[in-house]
Protein chains: 2
Amino acid sequence: MFYIIGLGLSDEKDITLRGLEAVKGSSRVYLEAYTSILMISQERLEAFYQKPIILADRDMVETQSDEILANADTEDVSLLVVGDPLGATTHTDIVLRARALGIPTRVIHNASIMNAVGACGLQLYNFGQTVSLVFFTETWKPDSYYDRVKENVKLGMHTLVLLDIKVKEQSEENLARGRKIYEPPRYMSIPTAVSQMLHTESERNEDVLSPETTLAIALSRVGGDADQQRIVAGTLKELLEQPEEAFGEPLHTIVIVGKRVHHMEIEYAEEYAVDKQNWRRVAKEVYGCAEL
Amino acid sequence: MFYIIGLGLSDEKDITLRGLEAVKGSSRVYLEAYTSILMISQERLEAFYQKPIILADRDMVETQSDEILANADTEDVSLLVVGDPLGATTHTDIVLRARALGIPTRVIHNASIMNAVGACGLQLYNFGQTVSLVFFTETWKPDSYYDRVKENVKLGMHTLVLLDIKVKEQSEENLARGRKIYEPPRYMSIPTAVSQMLHTESERNEDVLSPETTLAIALSRVGGDADQQRIVAGTLKELLEQPEEAFGEPLHTIVIVGKRVHHMEIEYAEEYAVDKQNWRRVAKEVYGCAEL
């Protein structure tokens with residue numbers, strides 16, 4: 001059996017009992033280590049499972065999946081994925097490959113940012129499509145995400161914005177010279193994300209986002225211990241002006257609040273507001289939450 | 001500490017290790033028993049935890065939450081919720097109440113249908129807002145859900161449709177006479193859901209759904225064992241014509257496939273199609289998946 005197991009969001013205790021059983025019974029255990037990161041080290045995970053873990057980078061999962069799937073028809077093999085396994089195309093690929101090889105597959109679900117974002121108080125059924133924001137460079141500032149945010153904003157839906165992470169990236173020079181030297185991991189911070197979004201707004205100028213009147217909620221380490229999880233709510237300008245430390249350690253995520261927001265959602269998130277009075281004022285005057 | 005703990009989707013083994021620790025350390029454990037249902041009995045859960053569970057109905061969670069929260073400032077109290085705790089307003093209420101009482105609260109996340117729906121092969125970031133479909137009666141056929149499906153369909157987004165369940169409902173007569181006699185639980189089946197949606201379409205006639213050319217995927221018992229989880233894909237007409245048994249035991253959910261579907265999503269779900277050839281044909285000709 002090929003198990004593809006969601007680890008949840010925070011540390012080794014977020015695995016489900018069903019997932020842990022599968023890990024314990026597997027002859028090989030892989031950890032997918034590029035679409036997201038766990039908040040703990042591989043060593044801690046190995047100590048916890050009392051078995052070695054093989055790190056699987058993008059290349060291995062996407063193009064050498066047969067190596068992972070070897071013997072999975074006669075033995076149990078597990079692939080661990082941070083969050084839930086089936087949020088991204090990457091993992092459906094390997095399931096399709098297993099299917100083609102006639103290997104029985106079992107998905108063990110867990111929390112992912114796609115549902116745990118509910119921690120900020122916004123209701124999941126009020127979210128529109130999800131977008132990803134990549135690191136801008138001097139010459140490459142892709143703005144196709146802006147069209148999708150616009151669609152959500154027009155309908156009044158909330159938008160979950162997933163922020164870029166760079167793991168195992170090579171510098172252009174090292175890439176050109178074929179040197180397998182990797183840069184330290186980078187995680188997009190909330191101020192960077194907001195400043196990129198406002199940059200796109202200033203270029204496109206389609207009145208989708210506004211520093212003073214767009215409300216947003218930043219989340220980091222959702223599901224972590226009380227001293228780790230951080231939620232910060234405010235206008236885009238307020239979030240931009242916070243020091244990076246205000247948002248805690250990565251991974252970060254930001255939600256753009258849609259106009260159909262319910263006053264209960266605003267009240268719940270007010271606890272996390274940089275400026276509670278301004279949060280409530282914008283919700284009332286701009287978002288039309290009359291009940292506040 | 002007041003713990004609000006997601007149980008995940010299927011049985012007692014879907015709780016996380018973190019969640020189980022909290023249950024073990026709690027002096028009282030409540031099980032929220034009306035927004036969703038677990039696939040196993042309360043007795044089995046009690047045997048597994050080796051402690052009694054108090055069933056909490058809607059009334060208790062929504063209006064008598066102080067009873068649940070009593071002493072939670074000095075002892076640990078857990079409220080168990082099927083899926084993830086913060087998907088529905090109902091549970092934010094009790095967290096707000098705990099906050100007002102100065103009781104520290106910790107949410108322990110888990111998989112819910114909102115992210116585990118990825119099991120059907122459709123990508124989560126391509127979903128628009130989520131809708132709920134309630135049981136129609138002779139005189140009450142609410143269609144506001146149709147407007148939201150229309151918004152998603154127009155944008156090409158997938159729509160997750162949550163189907164009504166009736167737990168602890170009274171008949172009109174028993175309600176009128178004040179008799180606390182409850183009807184057996186009812187769960188909306190896939191054919192009922194499809195027939196209700198097609199009824200609304202025929203009333204509204206705004207070309208949102210079509211029996212022959214709208215693709216949909218029915219899911220039941222997502223996350224359950226291989227003999228429990230059931231995924232069936234097809235046109236609305238094909239799903240309507242399946243016998244109810246084809247969809248397995250409740251709970252059921254249905255996804256309306258949006259036009260921006262990627263050919264990989266179609267290929268993944270083809271495995272579950274009632275008629276694979278027709279599935280692929282509609283995807284190609286109507287949805288414009290040229291790569292198929």
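Taken together, the values in this text are just the output of simple stated rules run on the coordinates, not laboratory data. Quick caveat: nothing in here was measured; it's all calculated off a predicted structure. Note that we place each Cβ from the backbone using ideal geometry, even for glycine, and neighbour counts take in every protein chain shown.
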* To do: Have a look at segment A:61-101 and give its Rg and Dmax from the Cα atoms, expressed in angstrom.
  => 10.1, 27
* Structure fact -> If labels are modelled 7 Å from Cα along the Cβ direction, A:T137 lies from its partners in the other copies at nm distances, smallest first, of 6.3
* Averaged over B:148-155, how many beta carbons belonging to a partner chain fall within 10 Å of each residue's beta carbon? -> 3
* Structure fact -> Rounded to whole angstroms and listed largest first, the alpha-carbon spread of segment A:25-165 along its three principal axes comes to 52, 34, 31
* Relative contact order of chain A: what whole-number percent is it, with Cα pairs under 8 angstrom and at least 6 residues apart? -> 18 percent
* Which cross-chain or sequence-distant (5 or more) residues have an amide H under 5 Å from the amide H of B:I54, H modelled 1.01 Å from N in plane? -> B:V29, B:Y30, B:L31
* Loop sites only, by DSSP: take the GluC sites (Glu not before Pro) in chain A that have at most 16 other C-beta atoms within 10 Å and name the longest stretch containing none of them. => A:1-74
* Asked: Taking the Cβ-Cβ separation of A:S171 and A:H199 as r and a Förster radius of 25 Å, what is the calculated FRET efficiency to the nearest 0.05?
  -> 0.55
* **Least to most buried among B:K180, B:K284 (fewest other Cβ within 10 Å first)** => B:K180, B:K284
* Measuring from a point 7 Å out along Cα→Cβ, what nm distances, shortest first, does A:R177 have to its partners in the other copies? -> 8.9
* With a Förster radius of 45 Å, plug the Cβ-Cβ distance of A:A290 and A:F48 into 1/(1 + (r/R0)^6) and report the FRET value to the nearest 0.05. => 0.35
* Asked: Between the helical axis of B:144-155 and the dominant principal axis of chain B, each derived from Cα atoms, what acute angle in degrees is found, rounded to the nearest 10?
  -> 60 degrees
* Structure fact -> Taking the label point 7 Å from Cα along the Cα-Cβ vector, the copy-to-copy distances for B:V286, listed from shortest in nm with one decimal, are 4.1
* Asked: What does the convex hull of the Cα atoms of segment A:193-292 come to per residue, in Å³, rounded to a whole number?
  -> 97 Å³
* Relative to a virtual label point 7 Å from the Cα of A:R186 in the Cα→beta-carbon direction, which members of segment A:129-173 show backbone nitrogen distances below 13 Å? -> A:134-141, A:164-173
* Asked: Which of B:F136, B:F247, B:F127 moves most in a GNM of chain B, Cα contacts under 10 Å?
  -> B:F136
* Within chain A, what is the number of lysine pairs with alpha carbons under 17 Å apart, leaving out pairs fewer than eight places apart on the same chain? -> 11
* Could you work out which residue, out of A:L175, A:L45, A:L219, moves most in a Gaussian network model of chain A, that is, has the largest mean-square fluctuation with Cα springs under 10 Å? => A:L175
* Which Cβ of chain A lies nearest the axis of the rotation superposing A onto B, and at what whole-Å distance? -> A:N115, 2
* To do: Determine by what factor the alpha-carbon radius of gyration of segment B:107-208 differs from 2.2 N^0.38 Å, reporting the quotient.
  => 1.31
* Top of B:G234, B:G128, B:G25 by mean-square fluctuation, Gaussian network on chain B, Cα under 10 Å -> B:G25
* Asked: What's the average, rounded to a whole number, of partner chain beta-carbon atoms within 10 Å of each residue's beta-carbon in A:199-208?
  -> 0
* Determine the calculated [θ] at 222 nm for chain A from helices alone, applying -39500 (n - 2.57) to every DSSP H run no shorter than 4 residues and normalising by the residue count; nearest 500 deg cm²/dmol. => -9000 deg cm²/dmol
* Cα radius of gyration and Dmax for segment A:126-186 (Å) -> 16.0, 49
* To do: Could you work out how far the C-alpha centroid of segment B:127-202 sits from that of segment A:221-292, in angstrom?
  => 32 Å
* If you bin the C-alpha pair distances of chain B every 5 Å from 0, what whole percents do you get? -> 1, 5, 11, 15, 16, 14, 12, 10, 8, 5, 2, 1, 0
* Asked: If eta is 0.890 mPa s and T is 25 °C, what Stokes-Einstein diffusion coefficient results for the protein assembly as shown, Kirkwood Rh from Cα pairs, in µm²/s?
  -> 99 µm²/s
* **A:M264-A:T139 FRET efficiency (beta carbon distance; Förster radius 41 Å; 0.05 resolution)** => 0.40
* Structure fact -> If amide H atoms are modeled at 1.01 Å from N in the peptide plane, then the residues at a separation of 5 or more from A:L251, or on another chain, having amide H under 5 Å from its own are A:R221
